[in-house]
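Trainee: I'd like to ask some things about the structure below.
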Amino acid sequence: MTVLDGKKLANKIIDGLKQKIQKLDIKPSIAVILANDNPASKIYVKNKEKKALELGCNSYIYSFDENVKEDEIISLIEKLNKDKNINAILAQLPLFKHLDEQKILNTIEPVKDVDGFTIYNTGCLAQNAKPYSIPCTPKGIIKLLKEYNIKLDGKNIVVIGRSNIVGKPLSLLLLNENATVTMAHSKTKNLKEVCLKADIIISATGQKNLIKADMIKKDAIVVDVGISRNSDNKITGDVDFENVKNKASYITPVPGGIGPMTIACLIENTYELFLKQNCLEK
Ligand code: GUN
């Protein structure tokens, strides 16, 4: 069994980006909108900012409390869309319940949509055309599998979880890589049987210990995108790692697997949007 070391690959990507960003006269800039008081979202946003600053990017966080009006956020995004000094805009999800997520995300100019969540960029992904950005977590998963020379062409891949952030864009990316993709979710019947047919299982549910050793075939590849906390406050994923690792050929750990890849891809997306907006070659 080989552990897919996301932290190591993320550090390699970040080191490469740091060198490229250092050579630029103007620094790429990212604006992050935080309209949710969820403590986990605050930590994610702080971590994104820390990494962006460490790499020499500019980062601006716009935090709102629960009294914020949708129009205030829409006006801010319209202002950021026009601002030549801002290259990337991210609205951290989830948003406060009274806010229309679709409307807010789709106010972001596709060329500044660092998450690739707008209808334009999602549509490009669905048509296997060229989106301005590919969603960070799915992009990170594919990069990590490719780093270990894991072939996707013709593989039976089960993606568990149908979120707009991970499951749906990931299934499109895998389809574009010629995989045979099955999407499973909370209403799927016989998840165990579905998983037992898979060469690769990618779980993104946030449900602790969902994937157990008897649900995978021998030498399957297991990717864990879940992040939740144990009773002792330790971070854990969707997979019963200790038991599944003995049966899998490759497996991602939590932490140190997909999490660091997501942040590395966010900075990469910011840098790539900067290049596109400034008509610079990659
Ligand atoms: N919430 C959880 N993951 C993400 C992400 O990748 N992007 C945004 N915008 N919100 C998230």
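Trainee: Report, ordered by the first and then the second residue, all pairs with beta carbons closer than 6 Å, sequence separation of six or more or different chains, a first member in region 80-94 that is more than 16 Å from Phe117 (Cα to Cα), and a second member that is away from the ligand (no atom under 16 Å from the Cβ).
Mentor: Hits for this filter: Asn85/Ser29; Ile86/Ser29.
Trainee: Run down Lys84, Lys79 and say which single residue is among the charged types (D, E, K, R), outside any helix (DSSP H, G or I), more than 15 Å from the ligand (Cβ to nearest atom) and over 18 Å from the mean Cα position of the chain (by Cα).
Mentor: Of the residues listed, the single one that is among the charged types (D, E, K, R), outside any helix (DSSP H, G or I), more than 15 Å from the ligand (Cβ to nearest atom) and over 18 Å from the mean Cα position of the chain (by Cα) is Lys84.
Trainee: Examine region 215-226 for a residue that is farther than 30 Å from Lys50 by Cβ and assigned to a helix (DSSP H, G or I), and state whether such a residue exists.
Mentor: yes
One line per residue, one yes/no per condition, for (1) touching a residue at least 12 places away in the same chain (Cβ under 8 Å); (2) open to solvent by 20 Å² or more (accessible area, probe 1.4 Å); (3) at positive phi:
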| position | (1), (2), (3) |
| --- | --- |
| Ile13 | yes, yes, no |
| Gln19 | no, yes, no |
| Leu34 | yes, no, no |
| Asp37 | yes, yes, no |
| Glu49 | yes, yes, no |
| Ser63 | yes, yes, no |
| Asn67 | no, yes, no |
| Glu72 | no, yes, no |
| Ser75 | no, yes, no |
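Trainee: Right, another one. Out of region 99-126, which residues are hydroxyl-bearing (Ser, Thr, Tyr) and either part of a loop (DSSP other than H, G, I, E, B) or in contact with an Asp or Glu (Cβ under 6 Å, 6 or more places away or on another chain) (or both)?
Mentor: Thr107, Thr118
Trainee: Which residue out of Val158, Val114, Val166 is closer than 22 Å to Val194 by Cα, within 16 Å of the ligand (Cβ to nearest atom) and within 18 Å of the chain's Cα centre (by Cα)?
Mentor: Val166
Trainee: Of everything in region 227-239, what is buried (at least 17 other Cβ atoms within 10 Å of the Cβ) and in a loop (DSSP other than H, G, I, E, B)? Give them in sequence order.
Mentor: Ile227, Gly237, Asp238
Trainee: Related question: Of the numbered conditions (1) closer than 29 Å to Ile235 by Cβ; (2) modelled with pLDDT of 95 or more, Leu80 fails exactly one; give the number of that condition.
Mentor: With respect to (1) closer than 29 Å to Ile235 by Cβ; (2) modelled with pLDDT of 95 or more, Leu80 is out only on (1).
Trainee: Follow-up. State yes or no: is Ile21 in contact with a Cys (Cβ under 8 Å, 6 or more places away or on another chain), under 21 Å from Val225 (Cα atoms) and in a helix (DSSP H, G or I)?
Mentor: In short, no.
Trainee: Out of all the residues in region 120-130, which are open to solvent by 20 Å² or more (accessible area, probe 1.4 Å) and away from the ligand (no atom under 15 Å from the Cβ)?
Mentor: Tyr120, Gly123, Ala126, Gln127, Asn128, Ala129, Lys130, listed by residue number.
The values are calculated or read from the model by the stated rules, or taken from the named source; none is laboratory data. These numbers come from a predicted model, not from an experiment. All Cβ positions, even for glycine, are placed from backbone atoms using ideal geometry, and neighbour counts span all protein chains on display. Note: areas computed on protein heavy atoms with side chains; ligands, DNA, RNA excluded. Shrake-Rupley method; radii C 1.70, N 1.55, O 1.52, S 1.80 Å.
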